[in-house]
Structure formats: structure tokens, C-alpha cells
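K.L.:
So that we are looking at the same thing, I have put the structure below in C-alpha cells.
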Amino acid sequence: MAERRQKPPADKETPHHTGHRERLRGRFIKSGAGAFEDYELLELVLFSVIPRRDVKPLAKKLLAEFGGLAGVMGASLADLQAVKGLGENAAVFVKAIHALTQRVLVADVQQKPVLSSWQKLIDYCHVAMAHEKREHFRVLFLNRKNELMADEVQQIGTVDHAPVYPREIVRRALEIGATALILVHNHPSGDPTPSDSDITMTEEIIRAARALDILVHDHLIISRSGHASLKSMGLLHFSI
């Protein structure tokens with residue numbers, strides 16, 4: 001009886017996402033980011049740290065979990081790691097990109113007088129603060145040319161309050177030789193409307209600063225949905 005020939009073992013099937021990755025990279029090289037959906041850009045980011053898995057479902061999951069790309073980038077390291085399938089390395093990579101974005105934006109602001117690049121300042125503050133879960137109160141210290149000298153978070157508080165000490169802000173301005181300030185804090189609630197306590201606190205800082213010839217240009221409130229400017233709202237004209 002003739003010996004039956006055994007079929008050679010079939011090659012392992014190439015995962016379908018391997019070709020998908022190459023096609024996505026090719027599209028990016030050819031057409032740029034403008035031709036991409038948000039989840040596709042996030043896929044490209046995740047390719048580098050998750051090499052052997054289809055990351056499209058994960059990218060879509062992250063966007064849904066955090067409400068969009070800005071929310072993903074602004075999420076804390078702990079919250080990112082809590083998403084099943086992401087892992088520490090990928091979470092750190094996402095936060096590194098977020099940090100790089102902040103550095104680029106603040107460097108752009110530093111290259112010219114802040115008041116002449118106002119939208120860039122707003123963009124920077126939004127990236128830095130809009131998705132924080134607790135209130136952060138930061139002060140931008142400016143020189144006589146209105147150039148940024150220092151950007152410092154003075155206090156981190158609770159979900160709806162950050163303690164602010166006007167004397168400490170003025171003391172710090174004198175210490176570094178700043179002649180003007182821009183106050184910035186975030187509202188984790190998503191509503192940038194200033195509260196009565198925001199207005200009162202701003203008045204106290206303006207009075208303390210005026211006594212030492214330090215000008216407060218504005219107080220910005222940043223949230224996920226936008227921002228509010230107390231100057232634009234006519235709320236910086238306090239008497240001494």
C-alpha cells in the first residue's frame with residue numbers, strides 16, 4: 001500500500017493588523033495628519049509601545065473613556081494605567097507626548113511678549129490644565145517687556161477650591177523681579193464661569209500687587225469646555 005504523503009504544516013497566518021499598520025503609516029507619510037481620524041492618530045502613537053496587537057479597539061476605547069484626544073493626553077498616569085490593555089509603558093509614552101506638547105507651546109509663548117501671543121497662551125494653559133481633576137492655581141510672571149519669566153503652579157487644591165495666598169504671590173514676584181502677573185486656574189467641573197470667591201480672591205491679589213507697583217493683566221479660568229477672562233468680563237477694575 002502506497003505511503004500517504006503528509007501535507008507540510010501551514011504557515012502561521014499573519015495577523016491582520018500587521019498590514020493595517022503599514023497601510024496607516026503609508027497614509028500618514030503620503031497625506032499627513034489632516035487625513036486621519038482621532039482614533040487613527042492614537043493608533044499610530046500606540047504602535048510604538050504595543051508592537052504585536054491590534055490597537056484600534058484600544059484607541060477607540062481610550063477616546064470614549066476620556067472624551068477625546070485632549071482628554072486622553074490630559075488624563076493622569078494612574079487613570080491611563082487603569083484602562084485595560086494599556087499598561088505602564090504605553091501610559092508613560094502618552095504622558096511623555098503630553099509633556100512635550102506643553103513644552104512646545106510654552107516655548108512658543110516665551111519667544112515674544114505674552115500679550116501679543118494671547119491665543120498661544122490660552123492654548124498652552126488649556127493643554128496644561130483643562131483636564132486636571134483638582135484645581136491648580138498658577139501664576140505667569142512677566143518682566144517689563146511682558147515676556148514670560150516664570151510659570152509656576154502656586155497651589156493644588158480640591159475639585160472646587162485651591163487655597164491662594166496673595167502675599168506669597170507678590171513675594172515671589174519681587175523675588176524674581178517680575179513687574180506683571182497673569183493669574184490662571186482651572187475649573188474641573190467644566191464650567192469656566194468665575195465664582196464669587198474667584199472674583200474676591202482676584203481683588204485681593206490685585207490690591208496686594210498694586211501696593212508694590214506690580215500689574216495684574218488678567219485672571220484666566222480654564223476648563224474642558226473653554227475659558228473665561230476676568231478682564232474681558234470687566235472684573236479687573238477694583239479700587240484700592
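K.L.:
Residues of the stretch 69-86 being touching a helix residue (DSSP H, G or I) at 6+ places or on another chain (Cβ under 7 Å) and either surrounded by 14 or more Cβ atoms within 10 Å (Cβ to Cβ) or hydroxyl-bearing (Ser, Thr, Tyr) (or both), which ones? If you could, list the steps in order and put the result at the bottom.
P.N.:
The first filter runs over the stretch 69-86 and keeps only residues touching a helix residue (DSSP H, G or I) at 6+ places or on another chain (Cβ under 7 Å), leaving 69, 72-75, 77, 80-81, 83, 85-86.
Those that are touching a helix residue (DSSP H, G or I) at 6+ places or on another chain (Cβ under 7 Å) and either surrounded by 14 or more Cβ atoms within 10 Å (Cβ to Cβ) or hydroxyl-bearing (Ser, Thr, Tyr) (or both): Leu69, Val72, Met73, Gly74, Ala75, Leu80, Gln81, Val83, Leu86.
K.L.:
Out of the stretch 140-151, which residues are without any contact (Cβ under 8 Å) to a residue 40 or more places away in the chain and touching a strand residue (DSSP E or B) at 6+ places or on another chain (Cβ under 6 Å)?
P.N.:
Asn143, Met149, Ala150
K.L.:
Same structure again: Can you tell me which residues in the stretch 66-95 are closer than 21 Å to Ala128 by Cβ and among the charged types (D, E, K, R)?
P.N.:
Hits for the stretch 66-95 are Asp79, Lys95.
K.L.:
Quick one: Val72 ticks every box in (1) assigned to a loop (DSSP other than H, G, I, E, B); (2) β-branched (Val, Ile, Thr); (3) out of contact with any Gly (no Cβ under 9 Å at 6 or more places or on another chain); (4) at pLDDT 90 or above bar one, so which box is it?
P.N.:
(1)
K.L.:
Quick one: which residue in Leu174, Leu220 is in contact (Cβ under 8 Å) with a residue 60 or more places away in the chain and hydrophobic (A, V, I, L, M, F, W, C)?
P.N.:
Criteria check complete, one pass: Leu220.
K.L.:
Only one of these conditions is not met by Leu100: (1) more than 23 Å from Val45 (Cα to Cα); (2) surrounded by fewer than 18 Cβ atoms within 10 Å (Cβ to Cβ); (3) hydrophobic (A, V, I, L, M, F, W, C). Which number is it?
P.N.:
(1)
K.L.:
Within the stretch 89-131, track down each residue that is hydrophobic (A, V, I, L, M, F, W, C) and outside any helix (DSSP H, G or I).
P.N.:
Of everything in the stretch 89-131, just one residue is hydrophobic (A, V, I, L, M, F, W, C) and outside any helix (DSSP H, G or I), namely Ala130.
K.L.:
Let me ask something else. Being free of Cβ contacts under 8 Å to residues at least 12 places away in the same chain, of a type in the set (Val, Ile, Thr), within 22 Å of Ala228 (Cα to Cα) and outside any strand (DSSP E or B) narrows it down to one residue among Thr200, Thr158, Thr193; which is it?
P.N.:
Thr200
K.L.:
Look at the stretch 165-190 and say how many of its residues are under 18 Å from Ser229 (Cα atoms) and surrounded by 15 or more Cβ atoms within 10 Å (Cβ to Cβ).
P.N.:
Adding up the residues that qualify gives 9.
K.L.:
What single numbered condition from (1) modelled with pLDDT of 95 or more; (2) farther than 23 Å from Ala99 by Cβ fails to hold for Val159?
P.N.:
For Val159, the exception is condition (1).
Residue-wise test of (1) over 27 Å from Phe66 (Cα atoms); (2) hydroxyl-bearing (Ser, Thr, Tyr); (3) crowded, with 18+ Cβ neighbours inside 10 Å.
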{"position": "Ala90", "(1), (2), (3)": "no, no, yes"}
{"position": "Trp118", "(1), (2), (3)": "yes, no, no"}
{"position": "Asp123", "(1), (2), (3)": "no, no, no"}
{"position": "Glu147", "(1), (2), (3)": "yes, no, no"}
{"position": "Val159", "(1), (2), (3)": "no, no, no"}
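K.L.:
Hey, any hits in the stretch 227-234 for a residue that's assigned to a loop (DSSP other than H, G, I, E, B), in contact with a Ser or Thr (Cβ under 9 Å, 6 or more places away or on another chain) and at pLDDT 95 or above?
P.N.:
Yes.
K.L.:
Quick one: which of Lys56, Lys60 is touching a Phe, Trp or Tyr at 6+ places or on another chain (Cβ under 9 Å), surrounded by 15 or more Cβ atoms within 10 Å (Cβ to Cβ) and either among the small types (Gly, Ala, Ser) or at pLDDT 95 or above (or both)?
P.N.:
Lys60
K.L.:
Only one of Gln119, Gln110, Gln81 is under 26 Å from Val49 (Cα atoms) and among the polar types (S, T, N, Q); which?
P.N.:
Gln81
The values are calculated or read from the model by the stated rules, or taken from the named source; none is laboratory data. Every value quoted in this text rests on a predicted model; they were computed, and no experiment measured them. Every residue, glycine as well, gets a Cβ built from its backbone with ideal geometry; the counts of neighbours run over all protein chains shown.
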